[in-house]
Amino acid sequence: MDGMAKTSTTTQGLRAAIERSGYYPALVAEAVEAAVGGEPMRSYLVHQETTFDQNEVRRHVTVLVLTGNRFIVSHTDEQAADDTSPTPYATTSTESVKLGRISSIVVSRVVANPEQYKPGTLPREIVLTIGWGAVSRLDLEPAACGDPNCEADHGYTGSSTADDLSLRVSEAGDGPETVREALAFAQSLSEATADTGR
């Protein structure tokens, strides 16, 4: 009974957070709920971002949901009228990832005055990067040897980085509560992926 009550509360909390974002809430909620299905939610995060593209203001919302078995990512973007549509439109996509596929969770914290840092102090901003192998970034550069006079072609060297999702949340732009929620979600996801490795 407690699990059902918590699920109901989490579902209601997610709907309320989507409503608060004010960004096509009916569209976003329907897409997320369809992806989640009947599976109980453990945690969620709703993040709205506004960007400026030349003379246009564009909004984007990302919804992250953690269930017992999956990590669900939903993105919704608005687009201005263009050649394909005479009216503005929105695009919503959802991706469902099995927890066992998540290979990397990186939480980068930015803190002010680190010499005065006290445990529990909220970071000024965080960047949450999650990788599961769908998208990788390859950074290449010419390889070289130790001889400064060498003119031989040594090929290339580089690194591959999992970069499926990167989400920046700041106290100034999003508010302290959103930073706190992002940290809590990252911790829940980290704990869930640790459980799948056992």
Filter result for residue 129 (modelled with pLDDT of 95 or more, of a type in the set (Ser, Thr, Tyr) and under 22 Å from the mean Cα position of the chain (by Cα)): no
Some residue of segment 34-56 being open to solvent by 50 Å² or more (accessible area, probe 1.4 Å), closer than 24 Å to residue 183 by Cβ and of a type in the set (Val, Ile, Thr): yes
Which listed residue is more than 13 Å from the chain's Cα centre (by Cα) and at pLDDT 80 or above, from 191, 181: 191
Residue list for segment 112-131, filter: open to solvent by 50 Å² or more (accessible area, probe 1.4 Å) and out of contact with any Asp or Glu (no Cβ under 9 Å at 6 or more places or on another chain): 112, 113, 114, 115, 116, 117, 118, 119, 120, 121
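The values are calculated or read from the model by the stated rules, or taken from the named source; none is laboratory data. What you see is a predicted model; the values in this text were computed from it and never measured. Reconstructed Cβ throughout: ideal geometry from the backbone, glycine too, with neighbour counts over all protein chains shown. Surface accessibility is based on the protein's heavy atoms, side chains included, excluding ligands, DNA and RNA. Shrake-Rupley method; radii C 1.70, N 1.55, O 1.52, S 1.80 Å.
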